[in-house]
Amino acid sequence: MTRVALVTGGSRGIGAAISKALQAAGYRVAANYAGNDEAAAAFTKETGIPTYKWDVSDFDACAAGIARVEADLGPVEVLVNNAGITRDSMFHRMTKDQWNAVINTNLNSLFNMTRPVWEGMRARKFGRVICISSINGQKGQMGQANYSAAKAGDVGFVKALAQEGARVGITVNAICPGYIATEMVKAVPQDVLEKSILPHIPVGRLGEPEEIARAVVFLAADEAGFITGSTLSANGGQYMV
Ligand code: CAA
């Protein structure tokens, strides 16, 4: 049976690696994206994975987008809530817009995306919901009160929903990546990266997107049905919980 997987933010960064890894594992994959049409077109050309544009912070857009994916590919059985943004700023300079943008895209998206697929997963008695949280939701990060709050919220969402899904064959898990070599991390000022971040990663390097993708494939598998409500850290030893 070929299962259908939907990856938000699935055409760039960690999300692109997740989409490709799920495809390689035999899933029919749809990749959502929000803004970068050029990157999405290039991604589809390279991989054959269809891309769908909508904003995960908008509930109605998510419901409509998911309906399009399901009409094209079939019911979504694996949902990877990966899309996320940063608007880093010390709190004394953080604006309401910076706060709201991150909470809406990184946390409210979990409701917006998971709610429309949840009833179908319950009815079919199978589902995998995997949320990409962050080390910075676990430990907190200066300059990221908005992002850390949203990412910690992801973990609470996962733990609550895992309890609801358990009896109907749905697992809900979080992965907490550390600092991964993507555009998001490359946007961190170089001196901050070199002086304040890299020295605290015991493996001595940034992670690779593929190192997160393989954890997604592991949790998505039919055989992973006993793993639910968990938080899987993949951070090079930077923070151990
Ligand atoms: N870890 C430790 N110290 C940090 C830090 C970090 N991640 N970020 C900033 N600092 C320190 C700086 O080294 C600096 O220390 P000194 O005063 O001793 O030099 C102090 O905080 C103030 O920083 P800035 O001088 O850079 O202040 P600023 O107002 O110009 O900028 C900032 C503040 C926007 C937060 C900027 O420092 C920044 O972008 N920092 C990176 C924050 C960060 O780690 N973001 C993670 C992005 S990647 C991601 O989010 C993916 C994920 O899930 C892991």
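The values are calculated or read from the model by the stated rules, or taken from the named source; none is laboratory data. Values in this document were obtained by computation on a predicted structure and should not be read as measured data. Heads up, the Cβs are rebuilt from the backbone with ideal geometry, glycines too, and the neighbour counts pull from every protein chain shown. Areas reflect the complete protein model, heavy atoms only, side chains present, ligands, DNA and RNA absent. Shrake-Rupley method; radii C 1.70, N 1.55, O 1.52, S 1.80 Å.
Mind putting a number on the dipole of the range 195-241 about its Cα centre? Charges go on the C-beta only, +1 for Lys and Arg and -1 for Asp and Glu, and I need it in Debye to the nearest 20.
320 debye
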* At a temperature of 20 °C and a viscosity of 1.002 mPa s, determine how fast the range 90-215 diffuses translationally according to Stokes-Einstein, using the Kirkwood radius over alpha-carbon pairs as Rh; express D in µm²/s, rounded to the nearest whole number. => 133 µm²/s
* Test item: Cα-centred dipole of the range 39-147, Lys/Arg +1 and Asp/Glu -1 on Cβ, debye -> 280 debye
* Structure fact -> GNM of the chain, Cα pairs under 10 angstrom: of Ala150, Ala17, Ala160, the biggest fluctuation goes to Ala160
* **Summed side-chain charge close to Phe126 - residues other than Phe126 whose Cβ falls under 9 Å, Lys, Arg +1, Asp, Glu -1** => +2
* Structure fact -> Expressed in Å to one decimal, the Kirkwood Rh of the range 4-232 from all distinct alpha-carbon pairs is 17.7 Å
* **Farthest positive-ward along the chain dipole, Cα basis, beta-carbon charges - from Met184, Thr95, Thr231** => Thr231
* Asked: Residues with amide H under 5 Å of Ala30's amide H, sequence separation 5 or more or different chain, H placed in the peptide plane at 1.01 Å from N; which?
  -> Ala5, Leu6, Val7
* Asked: What size of dipole, in debye to the nearest 20, comes out for the chain about its Cα centre when the only charges are +1 on Lys and Arg C-beta atoms and -1 on Asp and Glu C-beta atoms?
  -> 400 debye
* Two-site FRET efficiency, Lys125 against Thr44, from Cβ-Cβ distance with R₀ of 30 Å, rounded to 0.05 -> 0.40
* Asked: When the chain is treated as a GNM, springs tying every alpha-carbon pair under 10 Å, which of Ile170, Ile130, Ile201 comes out with the largest mean-square fluctuation?
  -> Ile201
* Listed residues Phe157, Ala21, Ala67: farthest to the positive end of the dipole of the chain (Cβ charges) -> Phe157
* To do: Take each uninterrupted DSSP H stretch in the chain, measure its Cα extent along the helix axis, and return the ones at 18 Å or beyond whose mean Kyte-Doolittle hydropathy is at least 0.5.
  => 59-73
* Percent RCO, i.e. relative contact order, over the range 44-139, from Cα pairs under 8 Å lying at least 6 residues apart -> 37 percent
* Contact order relative to length of the range 164-241, as percent, for alpha carbon pairs under 8 angstrom and 6 or more apart -> 52 percent
* Structure fact -> Any aspartates and glutamates whose Cα falls less than 15 Å from that of Lys139, other than same-chain ones fewer than 8 residues away, would be Asp154
* Asked: GNM on the chain, C-alpha springs below 10 Å: top fluctuator among Ile18, Ile103, Ile197?
  -> Ile197
* Structure fact -> Quick tally, 1.4 Å probe accessible area for Glu211, Glu38, sorted with the most first, runs Glu38, Glu211
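Got a number for carbon plus sulfur as a percent of the range 29-149's accessible area, 1.4 Å probe? Don't skip to the end; give the middle numbers.
Values: 2820 of 5440 Å².
About 52 percent, which is the carbon plus sulfur part of the accessible surface.
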* Report, ordered by chain and residue number, the lysines lying within cross-link reach of Lys53, taken as a straight Cα distance under 27 Å and ignoring same-chain residues fewer than 8 apart. => Lys20, Lys45, Lys96, Lys151, Lys186
